[in-house]
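A.B. asks: Here it is: the structure, laid out below.
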Amino acid sequence: MSGIEAIGAIAPSALTAIEVPASTSGAQAADFRQMLGDGIAKLDDNLRVADHQLRAMAAGENVAVHDVMISMEQARMQLMFMVEVRNRAVEAYQELMRMQL
């Protein structure tokens with residue numbers, strides 16, 4: 001068992017490679033909004049692809065079953081992720097509403 005190495009400390013050079021962009025909160029809000037919109041568009045595209053492949057397979061077209069299952073699972077995973085993002089956003093909004101000013 002001489003092939004196992006101990007876990008070492010993080011090298012200081014690795015810490016300097018991480019940069020936090022200096023941007024304003026307005027730009028961050030626009031970036032988040034853009035990221036959220038892109039995620040929803042990608043989810044919609046994946047749902048449409050999965051639906052199209054499933055309908056093609058049901059119609060008897062030459063579609064591989066594993067491709068249909070993979071696209072359906074990808075769409076399901078992305079949908080679950082977006083539902084969780086929504087849940088977290090709602091929780092954050094509710095927490096803000098409970099704050100006393």
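Just so you know, all these numbers are worked out from the coordinates, no wet-lab data involved. None of the values given here were measured: they were computed from a predicted structure. Note that we place each Cβ from the backbone using ideal geometry, even for glycine, and neighbour counts take in every protein chain shown.
A.B. asks: So for HIS52, HIS66, fewest C-beta neighbours within 10 Å to most, what's the order?
C.D. replies: HIS66, HIS52
A.B. asks: Next question. Given 4 °C and 1.567 mPa s, how large is the Stokes-Einstein diffusion coefficient of region 23-98 in µm²/s, with Rh as the Kirkwood radius over Cα pairs?
C.D. replies: Translational D for this selection: 89 µm²/s.
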